[in-house]
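Before any comments, here is the structure.
The values are calculated or read from the model by the stated rules, or taken from the named source; none is laboratory data. Bear in mind that the values here come from a model prediction, so they are computed numbers and not experimental data. Side chains included, ligands, DNA and RNA excluded: accessible areas come from the protein's heavy atoms. Shrake-Rupley method; radii C 1.70, N 1.55, O 1.52, S 1.80 Å.
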Amino acid sequence: MTKASVRRDRAAREAWQAMADLVLDNQRRREVSDRVGLSFGKIRALRRIAARPMRMRELAGLLGVDPPNLTALIDDLERSGLVERQAHPTDRRVKVVVATPAGAARARQAEEILERPPASLVELPADELEALVQILDRVRRGQPPHR
């Protein structure tokens, strides 16, 4: 390894850790849970369901949980009046989970909190924010850096 590659690898790890710290911010998760009145796991599921009705198996895959664990979570959300299980429109053997109006409202409340960037980000100059967006977009699409 060259000195430049070691430096780049270290910087990449530091950047990745900084992004993870921002995205996985436990304070933000607590704020959402406190304001919405649900665990963050239930909020994650409710946000997905509010975006569009889906089959339990699909939801389990998106959330990275086992279907039996998801069943208990959906049971709780259903008892709270936030979701309903309905027959699939074309396959009556399958159930889809749909957000109720109350569930959609709670999901929107969570989105409003989660979409609000931290003050330290908002306070950056516009040119730095634009550069950050371009860099993150390239990383997200897996494109090599400009040289």
In what order, largest first, do R7, R138, R35 sit by accessible area if the probe radius is 1.4 Å? R7, R35, R138
Rounded to the nearest 10 degrees, what's the angle between the helix 26-36 long axis and the longest principal axis of the chain, both from Cα atoms, 0 to 90? 30 degrees
If I fit a long axis through the Cα atoms of helix 67-79 and take the longest principal axis of the Cα atoms of the chain, what angle between them do I get, 0 to 90°, rounded to 10? 60 degrees
In square nanometres and to one decimal, what's the mean projected area of the convex hull around the Cα atoms of the chain? 12.6 nm²
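Determine the relative contact order of the chain: mean sequence separation of Cα pairs under 8 Å and six or more apart, normalised by residue count, in whole percent. Mind dumping the intermediate values first?
Values: 104 pairs, mean separation 30.6, N = 147.
Contact order relative to length: 21 percent.
Averaged across orientations, what area in nm² does the convex hull of the alpha carbons in the range 58-100 project?
Details: hull surface 12.6 nm².
Averaging across all directions leaves 3.1 nm² for the Cα convex hull.
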